[in-house]
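Right, one structure below, let's go through it.
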């Protein structure tokens, strides 16, 4: 019996050592797996950050450029309307209107460059939004230019009518700008409902 008991103790010791080794090895394997998983997750986070920063810079540059051009066109439109409504300051208001329009138009190349950067950065939702915004701003710009040119050729009533007809184009340009802002915020993972 003591011989069997001695054998059982030896077997138990060997089994215990084996289980201990397996446990240690298993723990090491699990630790290695978790470490690799954490490294992979960190690389994904770093990749997202490296993608997000150039995108954010491109989106902000375009948003500011669009807003500035849009506001200049709006100011030019208001000056044109003032020129028609107040004959005493007509020459000065027309000059200011044309100057403001030209300022916005001069920024067109820069705005187109910013659009091109967004085409490269993506994603497709933002690219679609920027294409729409650019197209709507272009329609507004063209219609405003026609109204400005019509001042010297048409009666004031016709010019005012053209100014009033600009309103849907103003609204479309502004709405597409907002859609671009929403699309770019979503692409950057910004959720205004989340804290921080």
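The values are calculated or read from the model by the stated rules, or taken from the named source; none is laboratory data. All of these numbers come straight from a predicted model, not from anything done at the bench. Ideal geometry is used to build each Cβ from the backbone, glycine not excepted, and the neighbour counts take in all protein chains shown.
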From 50, 97, residue being in a helix (DSSP H, G or I) and either modelled with pLDDT under 60 or surrounded by fewer than 12 Cβ atoms within 10 Å (Cβ to Cβ) (or both): 50
Only one of 55, 67 that is part of a helix (DSSP H, G or I), within 11 Å of the chain's Cα centre (by Cα) and in contact (Cβ under 8 Å) with a residue 60 or more places away in the chain: 55
Residues satisfying the stated conditions in segment 136-164, i.e. assigned to a loop (DSSP other than H, G, I, E, B) and over 21 Å from residue 102 (Cα atoms): 154, 155
